[in-house]
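Okay, so here's the structure we're looking at.
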Amino acid sequence: NAGVTQTPKFRVLKTGQSMTLLCAQDMNHEYMYWYRQDPGMGLRLIHYSVGEGTTAKGEVPDGYNVSRLKKQNFLLGLESAAPSQTSVYFCASRFRQDSSYEQYFGPGTRLTVT
Amino acid sequence: RKEVEQDPGPFNVPEGATVAFNCTYSNSASQSFFWYRQDCRKEPKLLMSVYSSGNEDGRFTAQLNRASQYISLLIRDSKLSDSATYLCVVNIRNSGGYQKVTFGTGTKLQVIP
């Protein structure tokens, strides 16, 4: 199993450009998450999904959109990138019924907006 | 006040030493607690859950103090490979039944030869 994969691993955008980050998991997990991690801020939840076709806002959703058309994929879109969106983005997933609530993370996408 | 607070460190300790980190949480309704480990420029990975009675996994011991609202992680006989950032994670079930997960900013540990 590949686990959780993220595409791309690195990206540099100019202000105003758009892009989509792809997260894929092959563990048949129901729940999927997008986080951003900034120095001194910890991991902050952007959006999450509890199943195919459903998404919900997290702590810092502004400037991002998501879609979960297939159970194994969770896409994060930046409509008009801003320098404040420079960050490391992590995708995670977990089983709905897992009593340990363990989240499995992807390797991250390092995004720089100039 | 932050929902989850950790001392960012770094904690620089010699090999073989015992080191402990604390993490405080502000919401008394918090239900479950975890420690994750994050290596430099890598993704976080679950280290261990924290149970009310305390639990041990090899050299690692986790404890929960609900009265004072903190959890702790004790590492005995530190190894160079323990060098990492340790993230405290707290779950709260909201009114909709969803588990809100809050990550601390992490405590950096550097084990020195």
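Structural remarks
- The set of residues in the stretch B:15-29 being part of a strand (DSSP E or B) and open to solvent by 80 Å² or more (accessible area, probe 1.4 Å) consists of B:ASN22 alone.
- Odd one out for B:ASN12, checked against (1) within 14 Å of another protein chain (Cβ to nearest Cβ); (2) over 30 Å from A:GLN6 (Cα atoms); (3) open to solvent by 20 Å² or more (accessible area, probe 1.4 Å): (1)
- Counted residues, the stretch B:73-108 - those being farther than 30 Å from A:ALA56 by Cα and either aliphatic (A, V, I, L, M) or open to solvent by less than 20 Å² (accessible area, probe 1.4 Å) (or both): 7
- Counting only strands (runs of 3 or more DSSP E) that fall entirely inside the stretch B:30-106 and contain at least 2 residues that are modelled with pLDDT of 95 or more and within 12 Å of another protein chain (Cβ to nearest Cβ), the qualifying elements are B:32-38, B:44-50, B:84-93.
- Of the strands (runs of 3 or more DSSP E) lying entirely inside chain A, the ones with 1 or more residues being over 11 Å from the mean Cα position of the chain (by Cα) and farther than 26 Å from B:CYS40 by Cβ are found at A:31-38, A:42-51, A:54-57.
- Checked against the criterion of being of a type in the set (S, T, N, Q) and without any contact (Cβ under 8 Å) to a residue 60 or more places away in the chain, the candidates B:SER30, B:SER68 yield just one match: B:SER68.
The values are calculated or read from the model by the stated rules, or taken from the named source; none is laboratory data. Source: prediction; values computed, not measured. Cβ coordinates were reconstructed from backbone atoms using ideal geometry, including for glycine residues, and neighbour counts include every protein chain displayed. With ligands, DNA and RNA removed, areas are computed over all heavy atoms of the protein, side chains included. Shrake-Rupley method; radii C 1.70, N 1.55, O 1.52, S 1.80 Å.
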